[in-house]
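Report on the structure given below.
The values are calculated or read from the model by the stated rules, or taken from the named source; none is laboratory data. Predicted model, so just to flag it, every value in this text is computed and none were measured. Every residue, glycine as well, gets a Cβ built from its backbone with ideal geometry; the counts of neighbours run over all protein chains shown. Note: areas computed on protein heavy atoms with side chains; ligands, DNA, RNA excluded. Shrake-Rupley method; radii C 1.70, N 1.55, O 1.52, S 1.80 Å.
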Amino acid sequence: MKKLILVTSPPASGKTYISKKLAEALSHVVYLDKDTLINLSKQIFVVAGEEYNRSSDFFNENIRDYEYETIVALALEALNYDDIVLINAPFTKEIRDLNYVKNLKALLKDKNASLVVIWVETSIAVTQQRMIERNSDRDTWKLANWDEYVEGINFDIPISLDDPSIKDDLLIFKNSSNEEFEGSLIKTISILEETSGRK
């Protein structure tokens, strides 16, 4: 069975590094990063005469959901041609919306594909440090308003996605230290290869 893998978590949890390592280790993978769409989104801010702030009401009302719709549409199209599509994106709202997940699973069923959510679990302190280190303009507001930003983010594992009878519907990737990363990478690859029938 084909797979759509969503590597999810709050920003600066290590999704991009983890996503690329997983994509390198697995075979027949199309890798998609929602951040690739940021250049388009920046232009919308410019045209609208709005300050660039990806935590603003303007972004949430006019841009955010369209980024997700676009990256998922690209993924569904890619599943016509390869076995695994991996999307690197927070999906913070979507994976806690059971209707969204149900509808996505229905679309995947038509492609003979299953949904795998990989939740990157990283401590809040580590995400703040990584955000400082990556020094990206998308984080300017977040770092300047850290307490307000963190209050609006859910760092809890989305356990409602877990069906005990399915081995790879929700995988937890611990990533607060190098040791956690190494152990989680080996375990996650092993499960994905096993459930793909490649082990």
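Candidates are the residues of segment 147-179 that are closer than 26 Å to LYS21 by Cα and open to solvent by 70 Å² or more (accessible area, probe 1.4 Å); the one that is farthest from the chain's Cα centre (by Cα) is GLU179. The number of residues in segment 186-199 being closer than 27 Å to ALA12 by Cα and surrounded by fewer than 17 Cβ atoms within 10 Å (Cβ to Cβ) comes to 6.
Taking segment 17-41 as the range and being open to solvent by 50 Å² or more (accessible area, probe 1.4 Å) and in a helix (DSSP H, G or I) as the test, the residues that pass are TYR17, LYS20, LYS21, GLU24, ASP35, THR36, ASN39, LEU40. Every condition in (1) within 18 Å of the chain's Cα centre (by Cα); (2) over 24 Å from SER184 (Cα atoms) is met by TRP141 except one, and the failing one is (1).
Consider ILE44 carefully, then state whether it is out of contact with any Lys or Arg (no Cβ under 8 Å at 6 or more places or on another chain) and open to solvent by 60 Å² or more (accessible area, probe 1.4 Å).
Details: out of contact with any Lys or Arg (no Cβ under 8 Å at 6 or more places or on another chain): yes; open to solvent by 60 Å² or more (accessible area, probe 1.4 Å): yes.
Yes.
Regarding TYR81, is this residue open to solvent by 60 Å² or more (accessible area, probe 1.4 Å), part of a loop (DSSP other than H, G, I, E, B) and of a type in the set (Ser, Thr, Tyr)? Judged against the criteria, TYR81 is a match.
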